[in-house]
Amino acid sequence: MKKLLLASALLTSTVLIPVSAADYIIDTKGAHASINFEASHLGFSVLAGRFNEFSGNFSYDKDNISASKVNVTIDTSSFDSNHAKRDKHVRSDDFLDVSKFAEATFVSNKVEDKGEGKLTITGTFTMHGVTKSLVIDAITIGEGKDPWGGYRAGFSGTSTITMGEFGFKKDFGKVDLILHIEGIRQ
């Protein structure tokens, strides 16, 4: 009888242990992730570019999306619009002021499963010394074993920020963020 109770207790405790989300490092070394942007250029065209240097991690469990978390740090001096003179100006105190604000960060505080691979990631985005709430509409791209014996998960997402909300001296309106993130499970 004691053996039966002990076996039942072990089985029950195993079933009740919550499964935790797996931890991933964003694969920036393999260039399998990007933080891109698009903004209106004086109302005449679209300026596109990216941040070349960033790092981050996330936790993800497809069976418990709400346990997921995302943390990203962006090196603001890595702003790249494929035009050196413009990039220098955007890095100046008219915009990013990278000498004072070398990093921008995003830290999630809620991840919601919207069904069919769609996610809403809510968190705080800090840039130029200002912290605002940011919502990222994301989709799961896929997950699985890679050819090198690891395990990866990938996502894409979009969000929009308004430059004026971040205290830039010059404000050209809205900036669309386009995110592609692939992580390697740790």
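The values are calculated or read from the model by the stated rules, or taken from the named source; none is laboratory data. Because the structure is predicted, anything quoted here is derived from the model rather than measured. Cβ placement follows ideal geometry from the backbone for every residue including glycine, while neighbour counts extend to all protein chains displayed. The accessibility values were calculated without ligands, DNA or RNA, using every heavy atom of the protein model including side chains. Shrake-Rupley method; radii C 1.70, N 1.55, O 1.52, S 1.80 Å.
Table for the structure above
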read-out	value
Karplus-derived 3J(HN,Hα), 6.51/-1.76/1.60, for each residue of the range 121-133, Hz, glycine and proline x	10, 10, x, 10, 10, 10, 8, 6, x, 10, 10, 9, 6
Mean separation of Cα contacts under 8 Å, 6 or more apart, over the residue count of the range 19-185: relative contact order %	23
Fully extended contour minus Cα-Cα distance, from K114 to T158, at 0.36 nm per residue	14.3 nm
Set of lysines near K62 by C-alpha distance (under 18 Å), chain-local residues within fewer than 8 positions excluded	K110, K114, K118, K145
Given charges at beta-carbon only (K, R positive; D, E negative), |dipole| of the chain in Debye	360
Across K29/K174; K69/K132; K88/K174; K69/K169; K85/K170; K69/K170, pairs whose alpha-carbon gap is larger than 28 Å	K29/K174; K69/K169; K69/K170
Kirkwood hydrodynamic radius of the range 24-68, from inverse mean 1/r over distinct Cα pairs, in Å	13.1
Helical mean residue ellipticity (222 nm; -39500 (n - 2.57) per DSSP H run of 4+; nearest 500) of the chain	-4000 deg cm²/dmol
Solvent-accessible area of E143 with every protein chain in place, 1.4 Å probe, in Å² to the nearest 10	70
Around I178: net Lys/Arg minus Asp/Glu count, Cβ-Cβ under 10 Å	-1
Nearest-10 value in Å² for the accessible area of F168, using the 1.4 Å probe	30
Residue of K174, K132, K145 that the Gaussian network model of the chain assigns the largest fluctuation, springs spanning Cα pairs under 10 Å	K145
Amide H contacts under 5 Å for G49, placed H, 5+ residues apart	F37
Angstrom value of the Kirkwood radius, inverse mean 1/r, which spans all Cα pairs in the range 77-161	15.4
Rough spin-label spacing in nm, given labels placed 7 Å along Cα→Cβ, for T122 and R185	2.9
Accessible surface of L42 - all protein chains present, 1.4 Å probe, nearest 10 Å²	100
Amide hydrogen neighbours beyond the local backbone of I141, cut-off 5 Å, H modeled	G154, F155, S156
